[in-house]
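The next block holds one structure in the form of structure tokens; read it before the comments.
The values are calculated or read from the model by the stated rules, or taken from the named source; none is laboratory data. Computed from a predicted structure; not experimentally measured. Quick reminder, even Gly has a Cβ in these numbers, built from the backbone with ideal geometry, and neighbours come from all protein chains shown. Please note that ligands, DNA and RNA were not included when accessible areas were found on the heavy atoms of the full protein model with its side chains. Shrake-Rupley method; radii C 1.70, N 1.55, O 1.52, S 1.80 Å.
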Amino acid sequence: MSVKHEGRRQRDFHGRDHRGHSKRRSDADGSIADDGGGPVVADLATSGVLRHFQQYQQELDARYDKHERLVKISRDVTIESKRIIFLLHRIAREEQKERILTEASKRLGEVRVNGLRSIAKELTADDPYLYLRAYSAGLQEYIESLSYHRYLEAATLVSYDDVQSSLVFAENKEETEGEDSSSIRLYLPPSEYILGIADLTGELMRKCINSIGAGNVTTPFELRSFLREILEGFSRIGNAGPREVNSKLHVLRQSVDKVENACYAIQVRRQEFPDRKSVV
């Protein structure tokens, strides 16, 4: 072995290597001691730092578990809300309307009690914006189905206050729902209401096309006027709305264009065949 190599391994009488670093050893009890007579370092298992990190782990695990529960509930709300919309599209004749609207209203109530109420209970002591992304899809789909039901029932747009009032639940399912001391409330962010109404326009466009296929040439013109009012309202939002509103505004304009083209085609055929009662 060369002299140079031996010099690197040589240690002084204090137990230090040639760089001045102390050689440490680990005792059987887990504590770390210094061979050079230094102080014993406390075991990390009994230190406050580890206890804090264990607490952080529990908090993060609880948050992730709640997020997953909300995602599952939101998925169920989304599926049932879509089924309600499909049910409402089955209205082909006036004599079917009352029966289907009653059934849809009942199922909307079940969505509120079994789905949205569970979300409200999960968020009782939390900031709703903290978990908004977990249940946003279900909430928007519910607003879409509720607003479509309201339009078919009364030919009006459901208001923000009406949607918010439908998200107030009794503490117990047996009690009457209402805004009292024992009620729980799912806060409705205005952005979610806006995005839910934007999705409504696609269903109204489908309603227009289905009406033409059924020989109804009055409903498309009513829907055209209603969609124009919605488009005008969305145009006033501009860049002040949520970031998703731009993409949904593009789809809204496409829906309005399809309805207007359908109305234009009906009007042209009326001019071509003025003596015919049906122009489709």
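In table form, for the structure just shown:
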read-out: Close pairs from segment 48-60: first without any contact (Cβ under 8 Å) to a residue 40 or more places away in the chain, partner surrounded by 10 or more Cβ atoms within 10 Å (Cβ to Cβ) and part of a helix (DSSP H, G or I), Cβ under 9 Å, at least 6 apart; value: Leu50/Leu44
read-out: Answer from Tyr129, Tyr151 - the residue that is at pLDDT 95 or above and hydroxyl-bearing (Ser, Thr, Tyr); value: Tyr151
read-out: Evaluation of Gln254 against (1) surrounded by 15 or more Cβ atoms within 10 Å (Cβ to Cβ); (2) closer than 20 Å to Gln140 by Cβ (one fails), failing number; value: (1)
read-out: Segment 217-239: number of residues that are of a type in the set (Asp, Glu) and either more than 13 Å from Leu204 (Cβ to Cβ) or touching a strand residue (DSSP E or B) at 6+ places or on another chain (Cβ under 6 Å) (or both); value: 1
read-out: Tabulated pairs, segment 148-159, first in contact (Cβ under 8 Å) with a residue 60 or more places away in the chain and within 11 Å of Leu204 (Cα to Cα), second open to solvent by less than 60 Å² (accessible area, probe 1.4 Å) and in a loop (DSSP other than H, G, I, E, B), C-beta under 6 angstrom, 6+ apart or interchain; value: none
read-out: Matching residues in segment 88-98 - criterion: being surrounded by 14 or more Cβ atoms within 10 Å (Cβ to Cβ) and more than 17 Å from Thr201 (Cα to Cα); value: Ile91, Ala92, Lys97
read-out: Boolean, Arg228 is more than 20 Å from Gln140 (Cα to Cα), open to solvent by 70 Å² or more (accessible area, probe 1.4 Å) and at pLDDT below 90; value: no
read-out: Members of segment 151-165 that are closer than 22 Å to Asp76 by Cα and open to solvent by 20 Å² or more (accessible area, probe 1.4 Å); value: Ser165
read-out: Total residues in segment 184-207, condition within 14 Å of the chain's Cα centre (by Cα), open to solvent by 10 Å² or more (accessible area, probe 1.4 Å) and among the hydrophobic types (A, V, I, L, M, F, W, C); value: 1
